[in-house]
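Novice: First the structure, which I've put down as structure tokens, then a few questions once you've had a look.
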Amino acid sequence: MSNRPANIGSTLLRPDALLKVKGEARFSTDFYEKGHVWAGVKRAGRPHAILKNIDYSEAIKLPGVIAVLTHKDVGGTNRQGVIKKDQPVLVEDRIRHCGDAVAIVLSDTRRSMEEAIRAIKLEVEPLPAVTDPRLSLKDDAALVHEKNEDRNILLGGAITVGKGRAAEAECDEIIEATFETQRQEHAYLETENGWARLDDQGRLEIVCSTQTPFRDRSEIAEALGLDLKNVRIIVPYVGGAFGGKDGITVQTLLALSAMHAAGRPVKMWWSREESFIASVKRHPSILRYRLGAKRDGTLHFLDVDITMDTGPYDHLGGVVLALAMEHSGGPYRIPNGVVDGRCVYTNNPISGAFRGFGVTQVSSGIERAMDLLAVKIGMDPLELRLKNALRAGDRNFVGKTLTTSTGITECLETLASHPLWTQRSFWKRNAGILKKRGVGISAIVHGSGYGPIVPDYANAKIELTGEGKFRVYCGVVDMGQGNSTANVQIVSSILNQPANDIELVLPDTERTLPSGSASASRCTYTFGNALISAAKIMKERLCRKAADLMMKKDPQEFSTTPITIRHLPTGSEIPLKVIANMMDSSERIVTAYFRAPVAEDLVTGDYNLRLHGMPHNLFSYAANLACVELDEITGKVTVENYATASDCGNVLNPQLYEQQIQGGAIQGLGLALYEDFVAVEGHVTTKDFSTYLTPTSMDAPDIESIAMGIYETTGPFGSKGIGEIATNGPLPAIANAIFDATGHMLEKSPITPESVLTALTEISKE
Amino acid sequence: MSHALVPTKLEELWAYIAENPEAMLCAGGTDLLVKIRSRSVTPDCLICLERLDDLKGVRFEAGEIIIGALTTHRELLHDPIVQRDLSILASAVQNLGSPPIRNMGTLGGNIVTASPAGDTLAPLYILKARLKIRSKESSRSVPIESFILGPGKVDLRAGEILSEIAINQDSRFTVNHFEKVGRRNALACSVVSMAALMNIAEDNTISEIRLAWGSVGPTIMRFGDVERLLEGRQLTVRGIEDAIRKVQQSVSPIADTRASADYRRDVAGRLLLRLLSYASSR
Ligand SMILES: Cc1cc2nc3c(=O)[nH]c(=O)nc-3n(C[C@H](O)[C@H](O)[C@H](O)COP(=O)(O)OP(=O)(O)OC[C@H]3O[C@@H](n4cnc5c(N)ncnc54)[C@H](O)[C@@H]3O)c2cc1C
């Protein structure tokens, strides 16, 4: 950190960087106490069954075992979920996926806990498992939730734009393709875990790794039948989340455990294998695209059909589908068409929030369709994109008028003049022996925030401490992305205080204020806007105090300077500490509220789609370029270079910006080439990191991240969301590069060496 | 597991083995600890070999290169003898696991694990490595291909350890080639691998060749008929075409989450194409 005031737009080292490098930062995994209890979960182990009996007679007898808890011990609704509460905390009578939690063991040691879990016997009557999302729609498919209104459909909807399907006949060229994207695991370093205690007043304190402390609190209270006031959630440093901790993981199980631990603190910490089986994943999708254009390349018609597999529970599956539908037309003007989508229940692992959130899937669809169309029309793929790129004032595919900054044209123009693009023919010609090279691009749009109905708000709180320093109460979790650093920058620069005099209070439902989830590319946008207001109020209040003290009329004559307030005309100063001592503790606290503006457009009459977020109001944009080399012997794909030009507003901190882009791009590279979370008949076969492959540092290309720096007038210091967009670019850019090299568009991800080799051998046959 | 013993001298080791006949030996632990975690083995006692300095290092002895079984992969990579005379082994070790795995894992452990995907094995087969097996009472020496019996199965009897790997450099090769096809560039279990030692005559004919494949059968696979077919052939696509087909017919790969059997079969043959890059352009 720094002993001078931070500037917006320049790199400030993360305040947590050194702490993390030295191992001093405290994560929820670091909470231990002598005599604490271990709590562990018995998982169902089968994808679909009636649960007839849980026999824990042997388990409870094992030495060290304190209790075995089942659904009978749950006092409340026993249901959790964000929009649709369809997931039991502990299974009552119906097992819906292998990772379902059936019982909890409380024990003195981890080892006896594990032994007891193995000793629990489940008596079940197997049911046919629904594991193919296409088959789950058939009339004879088994039902995952018997009482669900629309058989196995969690959420479905359709939007017709312009003339709808009638416009198809007006196109000169139409391409059609069906893409399939796979299930992806977040693979954060820190698996799901927490620490909980019930005090003698009946108050539960839970320390855990989550993106959503305030929402968790309500979910826990409701599921277990507790008074909200008696549940406190504290979130220390978080070791990665990417959407996988957007919602309940251990929290309710842990709370229930603490209620049966006789006041002893309880620890629950899922192993990697358990995390793999029980946690949510990116939704696998099937995307049918029909894209039509006029001869000159003007897009005219799009027909998209989207099927997403949400597994047995909503988690945030409906919202993911709504985002997919909204973004299915990419950053283009497409006047006519239809988007038809459904998110279906299956007995596969649960799908839920994952950085990119539905947009990742459809971006890979529209962007591959664009390259197919470009070839069909005989047009340069970048030119085709530029010709149809959205501008402010245009309507996007679902009919939302763009009223905020819209920089996709600038992003594409940046790539058009980039040496990797202008010199691509030369580069491709220089492929080595038995190698082929290709260059591909993708253009991405990504909405941020919660959509028109769910309020996207934040409450910032700043306190002047007795020492004259400032304490910022962060209501939004920083799971490693660095938004708390941006918070320091905002307060430090507005109040002109040394950055290392700004103390952060990490999310805690009793100390910080409700500010929504750490998700939806909204953290810095929403919380940052609230924080700017709070910092300005604080500054004004302090100047007023100083004016009173110095008997000056006009607080405008004062400014905060490092650790003091200065009267500018005379240069005399009062230390902040002195001012602080003269203020009552209530006066030393400022709070401010911000609620993000929402779209007023009525793009659909379907309230359910609107509730699930359709449409957004603020969008980030990016254009990406991948240079790939293919090995003709093995089909191996090497991404030699990757560049991205993005419009994420004005950049507050260049280093954090670059980290977000690079991290997102590498996660997208994983989706494109390596990661595949496989379940066969509902049983996970990629059980750990030996078969679930994420890219390593040896697989990551050089990634150039160019910021357009376009000022977004509604954003904090002109910024907008950056957390997710970079994840969406690699899959389509890489697939398009392979298309460029081989003439074959690969429709399934991950793109395996095997599929590339097939494409390569097909060209040698042709 | 209840305890671990850490002998520093061989006599101590023999005594521990005698006292704890059920104990398992642990070298770097990079294979064993994975199995213990997944409970596929549940030893009560481990005898850790990591401090047996007598079983570490690389040296020349009576015209042979002797490698201690406890030599780590990292030590192999940095060893001047390995770098100069066993470059094929060095290239296999270079891409084995990741730096931490190479720091801990040993050559002996890679051999005794006897995985068809063990990266050092194909080079050791064509280097005609002999293994020295010792127990308190006895010592014997066996060629690596008779020591490895099947996946995870080796000819090691109760009380025996693998102590040394001996390589006799009867012939010298100008081409020392190893290629591992993995699903990523580090921490990748091989999908197919091929090791080749080759001499090429001035006219680009193959004068001598030894080949071995990993991950396409229960153990490392060598095909004498393929080698005989190639010797005397031109190092061109046409010259090796039928050898490629023969390899593809001879391997017996399985399918798993990393690759299909067909892909492994196809690529096992195609890897011979990489040897074309050694042809001189004159
Ligand atoms: C993340 C990861 C990545 C890996 N990547 C690769 C890879 O790319 N390529 C590859 O080939 N392998 C890989 N491995 C496997 C492993 O690292 C190697 O096989 C390594 O060489 C094993 O050596 P070790 O000393 O750790 O064996 P250990 O685990 O200590 O022992 C393995 C087995 O051999 C026995 N043993 C060991 N030494 C002796 C001896 N001297 N005498 C008798 N018995 C003995 C042990 O009892 C045990 O049964 C990887 C492993 C991990 C965990």
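Novice: Out of curiosity, is residue B:137 more than 11 Å from the ligand (Cβ to nearest atom) and touching a strand residue (DSSP E or B) at 6+ places or on another chain (Cβ under 9 Å)?
Specialist: no
Novice: Under the condition of being within 13 Å of another protein chain (Cβ to nearest Cβ) and either of a type in the set (Phe, Trp, Tyr) or assigned to a helix (DSSP H, G or I) (or both), which residue from the stretch B:250-262 is least open to solvent (accessible area, probe 1.4 Å)? Full working, then the answer.
Specialist: Initially, the stretch B:250-262 is screened for residues within 13 Å of another protein chain (Cβ to nearest Cβ), giving B:253, B:255-262.
Pick out the ones that are also either of a type in the set (Phe, Trp, Tyr) or assigned to a helix (DSSP H, G or I) (or both) and you get B:261-262.
Numbers: B:261: 27, B:262: 113 Å².
Looking at residues that are within 13 Å of another protein chain (Cβ to nearest Cβ) and either of a type in the set (Phe, Trp, Tyr) or assigned to a helix (DSSP H, G or I) (or both), I get B:261.
Novice: Going through B:275, B:271, B:211, B:197 one at a time, which residue ends up being within 13 Å of chain A (Cβ to nearest Cβ) and under 20 Å from the mean Cα position of the chain (by Cα)?
Specialist: Details: B:275 fails: under 20 Å from the mean Cα position of the chain (by Cα); B:211 fails: within 13 Å of chain A (Cβ to nearest Cβ); B:197 fails: within 13 Å of chain A (Cβ to nearest Cβ).
The conditions single out B:271.
Novice: Let me ask another. Quick check on this structure: which one of A:559, A:521 is hydroxyl-bearing (Ser, Thr, Tyr) and under 28 Å from the mean Cα position of the chain (by Cα)?
Specialist: Numbers: A:559 fails: under 28 Å from the mean Cα position of the chain (by Cα).
The match here is A:521.
Novice: Only one of (1) more than 11 Å from every other protein chain (Cβ to nearest Cβ); (2) over 20 Å from the mean Cα position of the chain (by Cα) is not met by residue A:699, so which one is it?
Specialist: The number of the failed condition is (1).
Novice: Quick check: anything in the stretch A:454-474 touching a Lys or Arg at 6+ places or on another chain (Cβ under 7 Å), within 20 Å of residue A:656 (Cα to Cα) and either open to solvent by 10 Å² or more (accessible area, probe 1.4 Å) or free of Cβ contacts under 8 Å to residues at least 60 places away in the same chain (or both)?
Specialist: No, the stretch A:454-474 contains no residue that is touching a Lys or Arg at 6+ places or on another chain (Cβ under 7 Å), within 20 Å of residue A:656 (Cα to Cα) and either open to solvent by 10 Å² or more (accessible area, probe 1.4 Å) or free of Cβ contacts under 8 Å to residues at least 60 places away in the same chain (or both).
Each row is one residue, and each column tells you yes or no for (1) part of a strand (DSSP E or B); (2) buried (at least 22 other Cβ atoms within 10 Å of the Cβ); (3) outside the structural domain of residue B:260 (by TED's automatic domain parsing).
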| site | (1), (2), (3) |
| --- | --- |
| B:159 | no, no, yes |
| B:164 | yes, yes, yes |
| B:186 | no, no, no |
| B:190 | no, yes, no |
| B:207 | yes, no, no |
| B:212 | yes, yes, no |
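Novice: Which condition breaks for residue B:228 when tested against (1) touching a Leu at 6+ places or on another chain (Cβ under 7 Å); (2) more than 14 Å from chain A (Cβ to nearest Cβ)?
Specialist: (1)
Novice: Given the criterion at pLDDT below 95, assigned to a helix (DSSP H, G or I) and away from every other protein chain (no Cβ under 14 Å), identify the matching residue among A:738, A:763.
Specialist: Working: A:738 fails: at pLDDT below 95.
Going through A:738, A:763 in turn, just one is at pLDDT below 95, assigned to a helix (DSSP H, G or I) and away from every other protein chain (no Cβ under 14 Å): A:763.
Novice: Scan the stretch A:626-645 for residues that are surrounded by 24 or more Cβ atoms within 10 Å (Cβ to Cβ) and either in contact with a Phe, Trp or Tyr (Cβ under 6 Å, 6 or more places away or on another chain) or hydroxyl-bearing (Ser, Thr, Tyr) (or both) and jot them down.
Specialist: If the condition is that a residue be surrounded by 24 or more Cβ atoms within 10 Å (Cβ to Cβ) and either in contact with a Phe, Trp or Tyr (Cβ under 6 Å, 6 or more places away or on another chain) or hydroxyl-bearing (Ser, Thr, Tyr) (or both), then A:626, A:634, A:642, A:644 are the ones that fit.
Novice: May I pose another question? Pairs, please: C-beta under 7 Å, at least 6 apart or cross-chain, first residue open to solvent by less than 20 Å² (accessible area, probe 1.4 Å) and in the stretch B:115-134, second part of a helix (DSSP H, G or I) and among the aromatic types (Phe, Trp, Tyr)?
Specialist: What qualifies is B:131/B:147.
Novice: Moving on to the next point. Might you let me know whether the stretch B:263-277 holds any residue that is among the hydroxyl-bearing types (Ser, Thr, Tyr), assigned to a strand (DSSP E or B), open to solvent by less than 20 Å² (accessible area, probe 1.4 Å) and out of contact with any Phe, Trp or Tyr (no Cβ under 6 Å at 6 or more places or on another chain)? Even if it seems obvious, please write down each step before you answer.
Specialist: Going through the stretch B:263-277, the residues among the hydroxyl-bearing types (Ser, Thr, Tyr) turn out to be B:263, B:277.
Now drop any that are not assigned to a strand (DSSP E or B), which leaves none.
Scanning the stretch B:263-277 turns up no residue that is among the hydroxyl-bearing types (Ser, Thr, Tyr), assigned to a strand (DSSP E or B), open to solvent by less than 20 Å² (accessible area, probe 1.4 Å) and out of contact with any Phe, Trp or Tyr (no Cβ under 6 Å at 6 or more places or on another chain).
Novice: Then there's this: Output the residues belonging to the stretch A:680-696 that are at the interface with chain B (Cβ under 8 Å from one of its Cβ atoms) and in contact with a Cys (Cβ under 8 Å, 6 or more places away or on another chain).
Specialist: A:690
Novice: Of B:105, B:182, B:150, which residue is under 29 Å from residue B:269 (Cβ atoms), within 12 Å of the ligand (Cβ to nearest atom) and modelled with pLDDT of 95 or more? Walk me through how you get there before you give the answer.
Specialist: Values: B:105 fails: under 29 Å from residue B:269 (Cβ atoms); B:150 fails: within 12 Å of the ligand (Cβ to nearest atom).
Unique residue meeting the criteria: B:182.
Novice: Another question about this same structure. If you go through the stretch A:674-709 one residue at a time, how many are of a type in the set (Ser, Thr, Tyr) and more than 30 Å from residue A:652 (Cα to Cα)? Reasoning before the result, please.
Specialist: Step one: of the stretch A:674-709, the residues of a type in the set (Ser, Thr, Tyr) are A:674, A:685-686, A:690-692, A:694, A:696-697, A:705.
If we keep only those that are more than 30 Å from residue A:652 (Cα to Cα) too, we end up with A:674, A:685-686, A:690-692.
Counting residues in the stretch A:674-709 that are of a type in the set (Ser, Thr, Tyr) and more than 30 Å from residue A:652 (Cα to Cα) gives 6.
Novice: State which residue pairs qualify: first residue touching a residue at least 24 places away in the same chain (Cβ under 8 Å) and inside the stretch B:92-114, second residue open to solvent by 60 Å² or more (accessible area, probe 1.4 Å) and more than 6 Å from the ligand (Cβ to nearest atom) in any location, beta carbons under 8 Å apart, and separation of 6 or more residues or different chains.
Specialist: If the second residue must be open to solvent by 60 Å² or more (accessible area, probe 1.4 Å) and more than 6 Å from the ligand (Cβ to nearest atom), the pairs left are B:99/B:74; B:102/B:74; B:103/B:74; B:114/B:149; B:114/B:151; B:114/B:153.
Novice: Something else: Might you let me know whether the stretch A:321-342 holds any residue that is under 14 Å from residue A:183 (Cβ atoms) and not assigned by TED's automatic domain parsing to the domain that holds residue A:50?
Specialist: Residues of the stretch A:321-342 under 14 Å from residue A:183 (Cβ atoms): none.
No, because not a single residue in the stretch A:321-342 is under 14 Å from residue A:183 (Cβ atoms) and not assigned by TED's automatic domain parsing to the domain that holds residue A:50.
Novice: Please pick out the residue among B:217, B:232, B:239 that is farther than 26 Å from residue A:692 by Cα and part of a loop (DSSP other than H, G, I, E, B).
Specialist: The unique qualifying residue is B:232.
Novice: If residue A:697 meets every condition in (1) free of Cβ contacts under 8 Å to residues at least 24 places away in the same chain; (2) more than 16 Å from the ligand (Cβ to nearest atom); (3) within 25 Å of residue A:479 (Cα to Cα) apart from one, which number is that one?
Specialist: Against the list (1) free of Cβ contacts under 8 Å to residues at least 24 places away in the same chain; (2) more than 16 Å from the ligand (Cβ to nearest atom); (3) within 25 Å of residue A:479 (Cα to Cα), residue A:697 comes up short only on (2).
Novice: In the list B:143, B:123, which residue meets the criterion of being away from chain A (no Cβ under 14 Å), more than 8 Å from the ligand (Cβ to nearest atom) and under 20 Å from residue B:95 (Cβ atoms)?
Specialist: Details: B:143 fails: under 20 Å from residue B:95 (Cβ atoms).
Only one candidate passes the filter, namely B:123.
Novice: Sticking with this structure for a sec: Hey, residue B:247 hits all of (1) away from every other protein chain (no Cβ under 11 Å); (2) within 21 Å of residue B:150 (Cα to Cα); (3) part of a loop (DSSP other than H, G, I, E, B) but one; which does it fall short on?
Specialist: For residue B:247, the failing item is (3).
Novice: If we keep just the residues of the stretch A:97-125 that are assigned to a helix (DSSP H, G or I) and not acidic (Asp, Glu), which is most open to solvent (accessible area, probe 1.4 Å)?
Specialist: Taking the stretch A:97-125 first, the residues assigned to a helix (DSSP H, G or I) are A:110-119.
Applying the additional criterion that residues be not acidic (Asp, Glu) yields A:110-113, A:116-119.
Working: A:110: 83, A:111: 150, A:112: 15, A:113: 17, A:116: 0, A:117: 30, A:118: 110, A:119: 20 Å².
Per the stated criteria, the residue is A:111.
Novice: Just for strands (runs of 3 or more DSSP E) wholly inside the stretch A:227-322: which have at least 1 residues that are in contact (Cβ under 8 Å) with a residue 60 or more places away in the chain and closer than 18 Å to residue A:209 by Cβ?
Specialist: Working: elements: A:231-234, A:266-269, A:285-293, A:299-311.
Qualifying strands (runs of 3 or more DSSP E): A:231-234, A:266-269.
The values are calculated or read from the model by the stated rules, or taken from the named source; none is laboratory data. Everything quoted here is computed from the prediction, not taken from an experiment. Because the Cβ atoms are built from the backbone with ideal geometry, glycine has one as well, and the counts that use them run over all protein chains shown. What goes into the accessible areas is simple: the full protein's heavy atoms, side chains included, and nothing from ligands, DNA or RNA. Shrake-Rupley method; radii C 1.70, N 1.55, O 1.52, S 1.80 Å.
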